[in-house]
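For reference, the structure is listed below as structure tokens.
The values are calculated or read from the model by the stated rules, or taken from the named source; none is laboratory data. Bear in mind the structure is a predicted one, so any value in this text is a computation, not a measurement. Heads up, the Cβs are rebuilt from the backbone with ideal geometry, glycines too, and the neighbour counts pull from every protein chain shown.
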Ligand SMILES: [Zn+2]
């Protein structure tokens, strides 16, 4: 499969799958297009997707790395051999792993940043691709983000690497950054422009730039502010509890049981819509 000069190969291990070749290809195609819909281009030249067969049904896990010998991003997916086509439509895993290719594969200290970005941007990309609804995206964020708040004894994001702080604490960082970048730029820029700027500067899975402050500075240059750095400084050592209720209220989001309502007259409703839909990229600052 070729995409924007990028070569993506899919290696399906073992026989006896319920899925057919075309099902795997459609699933990879959806993930690629979800990433493209958020990032505008595919991050690296070569990617190998390796599908390991497990017993059972569904996707059991994913892992992303970079192989220096073949100069390829490597995404390993553990999948049950009884998996059905509809299981693939409903899974976020491959898109999540592919988002990891857009950002340096940082070490444990900064893992929350990498996982937070993947947790936050994967559903937005899949929504823009038409795979999931905006209701689903916001409901998952409203329900998921409280898991990222600091618990008793937790320290800042660089120093507490529990599951909640890593995935959802990182997602809270991304949400705050998205809103603040949009506020300061009158909605011309959002987190997506900062993340595209990082990727297009060459800081992706191929890169050996592994210092979070340096990576985030590249994002700030793209959006002509210092939001990523300021938030990083505020949250890296110190546990910060975020008033999430206030954020949902300002964005005009109310979740009640299984239903979700949007208020287009809320103060930050336009920011919510821009987060959902994206818009033409603003003119990037010259670098
Ligand atoms: Zn991940």
(request) Considering only segment 199-214, state which residues are within 17 Å of the chain's Cα centre (by Cα), closer than 24 Å to residue 37 by Cβ and either part of a helix (DSSP H, G or I) or more than 16 Å from the ligand (Cβ to nearest atom) (or both). (result) 199, 200, 203
(request) Output the number of residues of segment 4-23 satisfying the condition of being in contact (Cβ under 8 Å) with a residue 60 or more places away in the chain and surrounded by 14 or more Cβ atoms within 10 Å (Cβ to Cβ). (result) 3
(message) Pairs please, first residue from segment 208-222 and surrounded by fewer than 16 Cβ atoms within 10 Å (Cβ to Cβ), second anywhere and modelled with pLDDT under 95, Cβ atoms under 7 Å, 6+ apart in sequence or on different chains.
(response) 210/106; 210/107
(message) Regarding segment 24-47, can at least one residue be identified that is away from the ligand (no atom under 15 Å from the Cβ), within 16 Å of residue 203 (Cβ to Cβ) and part of a helix (DSSP H, G or I)?
(response) yes
(request) Within segment 88-111, work out how many residues are more than 29 Å from residue 21 (Cβ to Cβ), away from the ligand (no atom under 11 Å from the Cβ) and not in a loop (DSSP other than H, G, I, E, B). (result) 3
(message) Please count how many residues of segment 48-59 are part of a strand (DSSP E or B) and in contact with a strand residue (DSSP E or B) (Cβ under 6 Å, 6 or more places away or on another chain).
(response) 7
(message) When the residues of segment 65-76 are narrowed to those that are surrounded by fewer than 20 Cβ atoms within 10 Å (Cβ to Cβ) and within 13 Å of the ligand (Cβ to nearest atom), which ends up nearest to residue 114 (Cα to Cα)?
(response) 65
(request) Sort out which residues of segment 122-153 are buried (at least 19 other Cβ atoms within 10 Å of the Cβ) and under 21 Å from residue 240 (Cβ atoms), and write them in order of number. (result) 141, 145, 148, 150
(message) As an exercise: evaluate residue 153 against (1) in contact (Cβ under 8 Å) with a residue 12 or more places away in the chain; (2) on the phi > 0 side of the Ramachandran plot and give the number of the one condition it does not meet.
(response) (1)
(request) Output yes when any residue across segment 112-129 is assigned to a loop (DSSP other than H, G, I, E, B) and either under 25 Å from residue 251 (Cβ atoms) or within 16 Å of the ligand (Cβ to nearest atom) (or both), and no when none is. (result) yes
(message) Show the residue pairs meeting these rules: Cβ distance below 8 Å; 6+ apart or different chains; first residue within segment 227-245 and without any contact (Cβ under 8 Å) to a residue 12 or more places away in the chain; second residue part of a loop (DSSP other than H, G, I, E, B).
(response) 234/240
(request) Kindly indicate whether any position in segment 258-265 is modelled with pLDDT of 95 or more, in contact with a strand residue (DSSP E or B) (Cβ under 8 Å, 6 or more places away or on another chain) and part of a loop (DSSP other than H, G, I, E, B). (result) yes
(request) Please determine, by comparing only the residues of segment 163-198 that are within 15 Å of the ligand (Cβ to nearest atom) and free of Cβ contacts under 8 Å to residues at least 24 places away in the same chain, which one is surrounded by the most Cβ atoms within 10 Å (Cβ to Cβ). (result) 164
(request) Report whether or not residue 217 is at pLDDT 95 or above and part of a loop (DSSP other than H, G, I, E, B). (result) no
(message) Take the conditions in contact (Cβ under 8 Å) with a residue 12 or more places away in the chain, assigned by TED's automatic domain parsing to the domain that holds residue 140 and under 27 Å from residue 140 (Cα atoms) and apply them to residue 128. Does it pass?
(response) yes
